[in-house]
1. Sort region 345-385 into rounded, prolate or oblate with this rule: let a ≥ b ≥ c be the square roots of the eigenvalues of the Cα gyration tensor; rounded if a/c is under 1.5, and if a/c is not under 1.5, prolate when a/b is larger than b/c, oblate otherwise.
2. Full extension from residue 350 to residue 188: what is 0.36 nm times the residue separation minus their Cα-Cα distance, to one decimal in nm?
3. Rounded, prolate or oblate: which one fits region 75-150, using the alpha carbon gyration tensor with axes a ≥ b ≥ c (rounded when a/c is under 1.5, else prolate when a/b beats b/c, else oblate)?
4. Taking the mean number of other Cβ atoms within 10 Å as a proxy for protection, how do you rank 92-105, 238-251, 170-183 from highest to lowest?
5. Kindly report, to the nearest 10 Å², the accessible surface of residue 288 as traced by a 1.4 Å probe over protein heavy atoms only.
6. Scan around residue 135 for amide H atoms under 5 Å from its own, H built in the peptide plane at 1.01 Å from N, and keep only partners 5 or more places away or cross-chain.
7. Can you compute the modelled spin-label distance between residue 89 and residue 132, with each label point 7 Å from Cα toward Cβ, in nm?
8. What residues have an amide H closer than 5 Å to that of residue 457, excluding those fewer than 5 places away on the same chain, when H is modeled at 1.01 Å from N in the peptide plane?
Amino acid sequence: MKRVTIFIAVSVLCLTFAGCGIYNKYTSKSEISPEAFGVTEDVKAAQGDKSIAELSWREFFTDPLLQQLIDSVLARNTDFNSARIAVEQAQASLKATKLGYLPSVTFGPSGSVSSFDFSPANWTYNLPLQVDWNLDFFAVNTNQKRKAKAVLAQAEARKQVVQANLISAVAQQYCMLQLLDRQLEILLSTDSLWNASLETQRALWENGKAYSTSVNQMESSYLNVKTQIIDVRRSIRSVENAICQLLAITPQHINRNRWNNYELPQRLSTGVPAQLLENRPDIQMADHLLEEAFYNTQAARAAFYPKVSLQGIIGWTNNGGSVTVNPGAMLLNAVLSLMQPVFAQGKLRANLKISKLSQEDIAQQYVQTVINAGNQVNEALADCQAARDKDVYYKRQIVVLQDAYMGTHELMDNGKASYLEVLSAQEGLLGAQINEATNLYNGARAIIALYIALGGGTK
């Protein structure tokens, strides 16, 4: 009867404390301001469109050599493998917390022998199974399990963050190699043209139709192109080494395709701002970090309530205390205990306050993460728009300068223009060609940044 009374009392306490919040579940953040991207014409035009972030990275990056490179990086990169290991560790921890609902069972056989004043030896033995079961009346195990799930979700989101960052880095470095190849191609072509111009100027000087100063000026510009070629080749080596570092391999040549007639897209679909919550792994990670803090607070609250445990022993023994019986007999023992904290030197209240403050701090970090995400999208959109606008002018400038160079060179051959005019036209054309290639790279880099900022690169 007493045991029934105790059970009823514990059940009443459990129901009473259920309203104290220790069983509450975390509610994920689900609201984001419609102005998260900022107010730009690109965003206004793309609000109803499907976000480019919903494309897998294989759909977004269609260059086969770039795809192979990304595959290799994701397979070999040490940071990504560390993130994968962290996920497996979190999975193991979650599995352990799920098993926390079950009782622990320990098998501890023992035996002894004793003799008094050379009397016959007395042998005793115990073959017990000890059971220890912490009954989860006050959500201790439940909060631990939910916290472990949040930690696992964080690890998975962190792995996605590392993957997206690696894909972005590889794609940008690959585009940089293509840009440098294009710059080298322009410089080598210019080198050939300027060498021919220099030879022409020397022939005119030898025939008394030009001054030595014109030859020297032309040669100086020609040598400047030579040094630029060396710089570009050195930059190519540097970028290749950076990619090899991501691949965790020794420095070597990186295969890539030529950048042929690359065009910047006229419009990019960002989707609605609320999709950031679904697509961006850093926002998901921040949300799960807040979830972990919530369950830490729940655990701090649960520490104020009683701990109910059931302990028991079942086994076989011949040790009856003051007598030894043979053969042995079955031993059963069970104890239900309840421990209620009364005074813990203020530690319980301090832990609860610290947990609440930590949760508040992490909530502020979550808000800042969302703000940063919106800012990154806005910056990437602005960079895309700027590169697109400048591309029109660079293309027109090249056409104009090509006509100017051809016309000026023809006039100089007929003695109607000076070497300075030809040199100026040559340098202007070279600068415009380099600027156009660089602007295309900046545009490609901005598109990649927008793709990642919207949450792409995780599929």
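1. Working: a/c = 11.04, a/b = 8.77, b/c = 1.26.
Taking the square roots of the gyration eigenvalues as a ≥ b ≥ c, region 345-385 is prolate.
2. 51.2 nm
3. Numbers: a/c = 6.73, a/b = 2.28, b/c = 2.96.
Because a/c hits 1.5 or more and a/b fails to exceed b/c, region 75-150 counts as oblate.
4. Values: 92-105: 13.6, 238-251: 15.1, 170-183: 21.7.
Descending packing order for the listed peptides: 170-183, 238-251, 92-105.
5. 50
6. Counting only residues 5 or more places away or on other chains, the set is 308, 309, 310.
7. 2.6
8. Here the answer is 57, since their amide H atoms fall under 5 Å of that of residue 457.
The values are calculated or read from the model by the stated rules, or taken from the named source; none is laboratory data. Remember, predicted model here, so these are calculated numbers, not experimental data. No Cβ is skipped: glycine too gets one built from the backbone with ideal geometry, and neighbour counts run over all protein chains shown. SASA here: full protein model, heavy atoms, side chains in, ligands and nucleic acids out. Shrake-Rupley method; radii C 1.70, N 1.55, O 1.52, S 1.80 Å.
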